1. Which aspartates and glutamates, on any chain, are close to K149 with Cα under 16 Å apart, when same-chain ones fewer than 8 places away are left out?
2. Based on DSSP, what percent of beta bridges with both residues in region 85-177 are antiparallel, to the nearest 5?
3. Would you list, by chain and number, the aspartates and glutamates whose Cα falls below 13 Å from the Cα of K48, excluding same-chain residues fewer than 8 positions away?
4. In nm, give the distance between the simple-model label positions of D94 and T201, each being 7 Å from the Cα along the Cα-to-Cβ direction.
5. Run the paramagnetic zone check for K144: 7 angstrom along Cα to Cβ, then residues of region 19-57 with backbone nitrogen under 11 Å.
6. Could you give the radius of gyration (one decimal) and Dmax (whole number) of the Cα atoms in the chain, in Å?
7. Taking region 85-177 as the region of interest, what is the percent of Cα-Cα pairs per 10 angstrom bin, listed from the shortest bin to the one with the maximum distance?
8. With both bridge residues required to lie in the chain, what share of the DSSP beta bridges run antiparallel, to the nearest 5%?
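Bear in mind that the values in this text are calculations on the coordinates, not laboratory data. Predicted model only: the values in this text are computed from it and were never measured. Here the Cβ positions follow ideal geometry from the backbone for every residue, glycine too, while neighbour counts run over all protein chains shown.
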Amino acid sequence: MKKTARILFFGVFAALATVASAGDITGKIILNGAPPKESLLPLDPLCKQLHGSKSATTRYFVVGKGGALADVFIHLKEGVKNPPPPSKKPVVIDQKKCEYLPYVVGVQTGQEIHVLNSDPVLHNVHPTPRVKGNPEKNFAQLPKGPPLKFKYDNPEIFIRFKCDIHPWMYAYVAVVPHPYFAVSGVDGSYTIKNVPAGKYTLEIYHRRAGKMEKEIEVGASGKLTANFTLNAPK
Ligand SMILES: [Cu+2]
């Protein structure tokens, strides 16, 4: 085989091997038992106006059909080797009707978080990390003002983002050192894409229902299902 042909041959082989050695992890998170009742948000008149006739409640347990549990952070706690660099695409959190949307997000260390203000009211964005080296910051943000940008170099689950003007406004950001994470949707399901073959500890973390973990192995054939059931607090 000529040298160029050989390089091409091995190039194609390597590309195929790369494709074949990564898989998606999918699953569903169920809450077992009835969640505690949510509380009404103590909206001020301006924020109340944005909600119209609808009231707003805390979002401690967002539960759908059959106990499907949203806002669970799922990530590979152990076993990731040589993670790729963080995506240049920021994770976006918006402020709408004086609430953070989404309530829970994941981000890779070094990846930017952009906080928008779609409201016609002033907010301030005040993350309060507890891990050393993750800076506490506090910025006012004008109505429909430019995005505020944040970035964390150290893993931390969760960093609380709050608004000091509206003391009911919270969002929770999970920072991990790789891109293999997801947050469950309103149907309780999640997908972590393109996980390299290998053995891992998969952890799920819901702020109120707690944590669980499973040892998993992503094989060369890809596709792995990992479902979890968390118990509602008594
Ligand atoms: Cu606010």
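1. D94, E112, E136
2. Working: 16 of 24 bridges.
That works out to approximately 65 percent antiparallel.
3. The reachable aspartates and glutamates, counting only those whose Cα sits under 13 Å from K48, are E99, D119.
4. With each label placed 7 Å out from Cα toward Cβ, I get 3.8 nm.
5. Residues passing the 11 Å test: none.
6. Cα radius of gyration and Dmax of the chain are 20.6, 77 Å respectively.
7. Calculated P(r), rounded to whole percents: 18, 54, 25, 2.
8. Details: 42 of 56 bridges.
Looking only at bridges with both residues in the chain, the antiparallel portion is about 75 percent.
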